Structure formats: C-alpha cells, structure tokens
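Have a look at the structure below before the remarks.
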Amino acid sequence: MTTDSPEQLLVEGLQELYYTEQQLVDALQNLADETSEENAKQAFSQHRDETREQIDRLEQVFERIGEQPQTREERVVDSLIDEHEQFAQENEGEVLDRYNIATGQKTEHYEIAAYGNLTSLAGKLGYDEASDLLEKTLREEEHALDELSQAGEQFDEQRVAGD
Ligand SMILES: [Fe+2]
C-alpha cells in the first residue's frame, strides 16, 4: 500500500508509535527487573510508568486528528527487543547492566526522531493540539535519554575506567 499524502504519513507514524509504546511497557519492565545498577533500574521503572501515560496521550492525539487509535507493526522496536532478549539470555551481571543502558538509549534516540518528526508534521498540517501533545512526549523521551546517558557515563567511570 502506498502512502500518498503527508496526512497519511502522520497517521501511519502515529500508528507505529502506538505499537512501539505498547511493546515498550513490557520491555521496560524487563529491563528494570534484570538491571542491578540503581540509577538505570530507576530510570527504566520511571519510564515504564511514563510510557503508559504516553499511550493514553497518543490516543488523545488520534482523537484530535479525527482517527481511531490503531497499531501498525514497527520492525525497529521489534528488532531492538529481539536483540536484547538474545543478549540477556546469554549474559548477566555488569555486562548486561551496561548493555541494557545502551539498549535504552538506542530506543530513546529512535523515539525522539519519531516524535520530533510527527510534532513538526502535525503542526504544519494545522493540528496544533496534536502537535503540542506530541511535543510533551518528545520532552519526556529527551529527559529519559539524559537520565540513561548519565547512568551510562557514571557506570563507565566507576566500573570500567582504571581497571
Ligand atoms: Fe516513549
């Protein structure tokens, strides 16, 4: 099926994020459960709760643009989750902690790109309220990335440097 208008691009992008966020609630729970490093563990749990709110917010966005909330399979998040599951089966301890932080960061970078584009596109198409809602989530994703980046740097300073 071709995507024949910016409007449709917006709808499909929202559907992919609606799918992504739903996969991420469980994924973030798993990350929190298996990570021992306290800052990262906390960042994962906190962002799991935030992700539940982001799903509700996406439903509001669909409503503002006059569409029913619907998911659309997104292979980026599926791949990130598959890769992580495989690594977690074969590794543990500090290595898994550090890997999990990086996985979280990759996910946030992806979401920031997706929300950033849709915030702009929704605004240009005249959906100001939808754009504001998307921007709110964008800021949360940026904040989550900051927390994880700090946890990663701290981890490297304390446990990797000077070994
Ligand atoms: Fe998110």
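Values quoted throughout were computed directly from the atomic coordinates according to the rules given, and no laboratory measurement underlies them. Everything numeric here is computed off the predicted structure, so don't read it as measured data.
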(Q) Suppose we take every Cα in region 1-85 and form the convex hull; what volume per residue is that in Å³? (A) 95
(Q) Just to be sure I follow: if Rg is taken over the C-alpha atoms of the chain and Rh is the Kirkwood radius over the same atoms, what is Rg/Rh? (A) 1.02
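How big is the Kirkwood radius of region 65-104, worked out from every pair of different alpha carbons and given in Å to one decimal? Intermediate results must be reported in sequence, preceding the final value.
Details: mean 1/r = 0.0829 Å⁻¹.
One over the average 1/r among Cα pairs gives 12.1 Å for region 65-104.
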Q) Can you give the angle from 0 to 90° between the axis of helix 75-90 and the longest principal axis of the chain, with both taken from C-alpha atoms, to the nearest 10? A) 20
